[in-house]
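Below is one structure, written out as structure tokens; comments come after it.
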Amino acid sequence: YRMLTGKVPHRNQPLIERIDTAGTLGKRLQHYREAILQDAIPQEHRMRRGVDRQLASIVDCCLAPDPAHRFANVQQVIAALDQRDEVRTRKPLMLLGI
């Protein structure tokens, strides 16, 4: 998400202030977890030029608040990106009727 937008997801000034004044690392992490669960999934990456639906879906999956809806490991992310590349490679051929 940050590579696409230049921003950290779920991070805004009020949250930064809450985290900075939380004290312990455990409380800081708790505030950040709460923000992730309460905020909507960021959408700014979908508005970037060059981000197609498949890539946006991969990013959404990585940002899912519920771990059950995220990729289990980095190999699954790479597989999804590879599948996206295969589809993009075949698309021009399908348009030409080859």
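The values are calculated or read from the model by the stated rules, or taken from the named source; none is laboratory data. Computed from a predicted model, the values in this text were never measured in an experiment. What goes into the accessible areas is simple: the full protein's heavy atoms, side chains included, and nothing from ligands, DNA or RNA. Shrake-Rupley method; radii C 1.70, N 1.55, O 1.52, S 1.80 Å.
Observations
- Breaking point among (1) acidic (Asp, Glu); (2) open to solvent by 50 Å² or more (accessible area, probe 1.4 Å); (3) closer than 26 Å to Thr89 by Cα, for Asp39: (3)
- Single residue of the range 54-98 satisfying the filter (more than 28 Å from Glu34 (Cα to Cα) and of a type in the set (Lys, Arg)) that is modelled with the highest pLDDT: Arg84
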